[in-house]
Each structure stands twice: as structure tokens, then as C-alpha cells.
């Protein structure tokens, strides 16, 4: 088998693995993922979750989806409970082996449609570099980082010479691969980590009152285009 068929097979297997990983991150097995709040339980992980009725969960779900989509706080009232959903900062998921580990993101409009090798480690920009929201010069420039900037290469596209980079712990966008070299002292990277497609995530804080009981908790959810799904376990930086 030639090199190109092998690479295509690896990418296809990685895509299937990425989909499976995202499904595994859902805190509600069997959720339809449509993001309408009807079948997805956004109270999973809360101590008061068993006290919520079906109508409570439906009201919470509608508020949760709206808040995550537009970034505005939402209050909701159900049958026996009331609550608030407070959306937080954006992040990117599916870039690390631990599905609960998220990378903080500078914005929400990155082009996330590409498969990439991940976990490439510390790099340095060799000159002043345009950082773009997508991997081509047709995409908007998000910012300009100066020569010598230390960055983390969180992804390298499998089909073109572009990298997704983070600086100061925040994903900033894409840079042309010729403008990036491995940081001095780093091990030579002959190949990247697992091939994955990043997904958009968002952190949140929720409060709920069930009669006289009150609870507040934090978490994160990711959306691969089919709806918001809760990340199982604590979402880490």
C-alpha cells in the first residue's frame, strides 16, 4: 500500500475515533445531542439533580442552550425548581488525550473543520507572524505576534502547512508552518500526536434552587455542530 492510501486510512480512523471520543464525553448516554434541552440532562453532576422533575429539566435545558449559544445569562423556572445559567469563556476540546482537558480559546469563530496532529509541544515564532482564524491567508487576521514569541503548537493540519497555536495558555489561531520552529531544548518531533478535529466548548456556572435547597456548580460543554454536550468530569485548563 502506498503512502497516500495509508495516510488516508489513518485520517479516516482518526475521524471515527474523534467522533467516538466526543460521544464518550457526553454526560448522558443516549442523549440525542440536538441541543434543544429536551433529551439532554444538563443537571448531571449536581447533587440536587435527582430532585428535579421532567419539567424542571426541560426548563433548565432550554435556558442552558440559549445561554451557551449567545453568551447571555438565562434564568429559568420549572415545576418545583428555579435556576440560573451563566455562560463563561470559550475553550477548545478534543485536543488532548484526556477528554476533560480543554484549551482556553481567544474567540469562538475559529475554523475547526480540519483534522490535525495534536500535542506537538513548545515552539517559537521565527518572525512577526499574522495569526489567523483559519488556515489560509483568506481568513481574517486575529492578531500579530512578534518574532521570538513562545507558543504551544496544539495542532498541525494533516493536509496543509499550517499550525494552530496557543500563547500564554490561550489558543490564538493559525500560523503558517514555515514561521514556527521547535523551542530550543525540545525533543525533535518526527510526527505529531493523535490526529483529531477540535471542537468548540464553553465553560459555565449554574445555580439551582429546589424549594429551600440551593446549589451552585461549574462545568463545561462542547458542541460538535449537533448540540451542546456536557464534559464528563471536571474540565481542566
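Note that segment 43-148, at 4 °C in a medium of 1.567 mPa s, gets a Stokes-Einstein diffusion coefficient of 75 µm²/s from its Kirkwood radius over C-alpha pairs.
Over all distinct Cα-Cα pairs of segment 79-135, the Kirkwood formula returns a hydrodynamic radius of 14.8 Å. A full extension of the chain between residue 77 and residue 140 corresponds to an added length of 18.6 nm, given 0.36 nm per residue minus the alpha carbon distance.
Cα centroid separation, segment 215-232 to segment 58-131: 8 Å. Placing R0 at 25 angstrom, the Cβ-Cβ distance between residue 126 and residue 104 gives a FRET efficiency of 0.50 after rounding to 0.05. The slack between residue 39 and residue 70, meaning 0.36 nm per residue of separation minus the straight C-alpha distance, is 9.1 nm.
The calculated pair-distance distribution of segment 111-196 uses every alpha carbon pair, bins of 10 angstrom beginning at 0, and gives 20, 57, 23, 1 percent.
With both labels modelled 7 Å from their Cα along Cα-to-Cβ, the residue 113 to residue 170 distance reads 2.7 nm.
None of the figures in this text is laboratory data; all of them are computed from the coordinates on show. Please read all numbers here as calculations on a predicted model, not as lab measurements. Note: ideal-geometry Cβ built from the backbone for every residue, glycine included; neighbour counts use all protein chains shown.
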